[in-house]
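The values are calculated or read from the model by the stated rules, or taken from the named source; none is laboratory data. Owing to the predicted nature of the structure, the values given are computational and were not obtained by experimental measurement. All Cβ positions, even for glycine, are placed from backbone atoms using ideal geometry, and neighbour counts span all protein chains on display. When the accessible area is computed, the model is the full protein with side chains, heavy atoms only, and any ligands, DNA or RNA have been set aside. Shrake-Rupley method; radii C 1.70, N 1.55, O 1.52, S 1.80 Å.
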Amino acid sequence: MQILPAIDLRDGKCVNLVQGIATQETVFSDAPVEMAQRWQAEGAEYLHLVDLDGAFQGESANLHIVSEIVAALDIPVQLGGGIRSMERLETVLALGVDRAILGTVALKQPDLVKQACAKYGTRIAVGIDARDGRVATDGWLEVSQKPAVEFAQEMPDVQTFIYTDIKSDGMLKGPNVNATAAIINTVPAKVIASGGVTSLTDVTALKQIGASGVIIGRALYTGDLALRDAIAAG
């Protein structure tokens with residue numbers, strides 16, 4: 001199982017939000033490229049980037065930093081946040097990003113996902129961000145009536161899902177294992193788990209239910225979990 005350190009970009013800095021709430025922000029570094037190099041040096045095989053400005057505003061001011069991170073690393077990078085058109089998707093992939101994550105647009109324009117998957121295959125992932133089992137969009141500011149499991153079932157062309165339980169995210173209280181398992185058991189695609197992973201016990205629990213990867217953010221920055229230990233447990 002792959003361990004993916006997370007770098008959340010906002011205003012050019014490496015930050016973390018609690019449950020995605022913009023006002024509950026902790027800035028961990030103002031040098032995200034150096035942070036990315038640190039995670040690579042500590043053994044990361046894949047890096048997860050989130051463009052929070054893109055997620056909240058639908059338009060990014062961080063793509064130049066994404067480009068710098070891609071150029072500085074030897075490992076692949078995936079990016080989510082604000083990718084809501086084919087034009088933006090193509091711009092992101094042209095930066096050298098290995099995999100682009102479609103979130104809001106996947107719910108609102110499912111045909112775009114089909115088009116993207118047909119053209120780019122494994123370079124497309126869909127992010128399922130859920131609050132109380134319902135899909136959230138627009139930087140988690142809106143919650144739809146669409147159940148997360150049903151949404152996943154409606155995306156047969158997708159080969160990778162990233163499932164985030166919003167209430168767990170940034171809380172350092174563990175992931176929602178049952179909700180993640182429900183997605184894993186529903187789709188043939190790979191499922192990468194995200195949100196609340198804090199301990200080796202969490203990593204092991206997600207491995208046991210068949211997650212193909214685990215995204216870890218805040219716990220790495222606070223020191224609650226060491227990346228090398230998480231990789232060893234994965």
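So the values come out like this:
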| read-out | value |
| --- | --- |
| Members of the stretch 45-72 found to be open to solvent by 10 Å² or more (accessible area, probe 1.4 Å), in contact with a Gly (Cβ under 7 Å, 6 or more places away or on another chain), outside any helix (DSSP H, G or I) and within 22 Å of V214 (Cβ to Cβ), listed by number | V50 |
| From A130, A106, A125, residue being touching a residue at least 60 places away in the same chain (Cβ under 8 Å) and under 18 Å from the mean Cα position of the chain (by Cα) | A125 |
| Only listed residue being farther than 19 Å from V77 by Cβ, open to solvent by less than 20 Å² (accessible area, probe 1.4 Å) and not in a helix (DSSP H, G or I), chosen from A100, A125, A136 | A136 |
| Search result, residues across the stretch 81-96 that are crowded, with 17+ Cβ neighbours inside 10 Å, in a loop (DSSP other than H, G, I, E, B) and either modelled with pLDDT of 95 or more or among the acidic types (D, E) (or both) | L95 |
| Residue check, I75 modelled with pLDDT of 95 or more, in contact with a helix residue (DSSP H, G or I) (Cβ under 8 Å, 6 or more places away or on another chain), open to solvent by 10 Å² or more (accessible area, probe 1.4 Å) and not in a helix (DSSP H, G or I) | yes |
| Helices (runs of 4 or more DSSP H) lying entirely in the stretch 192-234 (those with 2 or more residues that are exposed (fewer than 15 other Cβ atoms within 10 Å of the Cβ) and of a type outside the set (D, E)) | 200-208, 227-233 |
| Residues satisfying the stated conditions in the stretch 139-156, i.e. in contact with a helix residue (DSSP H, G or I) (Cβ under 8 Å, 6 or more places away or on another chain), modelled with pLDDT of 90 or more and in a loop (DSSP other than H, G, I, E, B) | E154, M155 |
| Every residue from the stretch 181-191 that is outside any helix (DSSP H, G or I) and at pLDDT 95 or above | N185, V187, P188, A189, K190, V191 |
